[in-house]
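Scroll down for the structure; my scribbles are underneath it.
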Amino acid sequence: MGKLVKICKRNEISTGSNKLVNIDGKMIAVWNVNNEFYAVNAVCPHRGGPLEQGSLNQNVVSCPWHGWQFDVETGTSPVFPQAKIEIFKVKIEGEEIFVEV
Ligand code: FES
C-alpha cells in the first residue's frame, strides 16, 4: 500500500469539477462525478495537455487541447483503447478525501 495524502473536504470539489494537486511532483486531478471521487494523472498522454481543464461528461473527461477522452474511473479511453491515464485509489474518511499514491 502506498501513502495516503489528504486532499481536501468533500464539499470543496463540486459535482463535475476537480481539484488539481501536486503530489511528489505528479499532477493529479481529483474529480467529483455525482459525489463519487476519482483521482487521475492530469497530464494528457497525447501531448501533455492539462486534463484538469477539460470538460467532464458523465465520467469522461475531454482534453482541452485535442479532445482525447478518458474515463476518470478506469483511466481508459473510450475512443482509443491503447491510450490510458494512471488512476489512483481514493479513500473517504468522514468529510475528508485522501488519495493513495
Ligand atoms: S494533448 Fe490531450 S488530446 Fe492532445
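The values are calculated or read from the model by the stated rules, or taken from the named source; none is laboratory data. It should be emphasised that the depicted structure is a prediction, and the values quoted were computed from it without experimental measurement. We place every Cβ from the backbone using ideal geometry, glycine too, and count neighbours over all the protein chains shown. Side chains are part of the model used for accessible areas, which takes the heavy atoms of the whole protein and leaves out ligands, DNA and RNA. Shrake-Rupley method; radii C 1.70, N 1.55, O 1.52, S 1.80 Å.
Give the ranking of I7, I92 by solvent-accessible surface, highest area first, calculated with a 1.4 Å probe.
I92, I7
log₁₀ I(q)/I(0) of the chain at q = 0.11, 0.13, 0.18 Å⁻¹, via Debye over equal Cα point scatterers, no solvent, to two decimals?
The calculated log intensity ratios at q = 0.11, 0.13, 0.18 Å⁻¹ are -0.28, -0.40, -0.76.
Test of understanding: what is the full-extension gain from T74 to D24, defined as 0.36 nm times their sequence separation minus their Cα-Cα distance?
Length gained between T74 and D24: 15.8 nm.
Report the local net charge at S14: Lys and Arg +1, Asp and Glu -1, summed over other residues whose C-beta lies under 15 Å from its C-beta.
So the surrounding residues net to -1.
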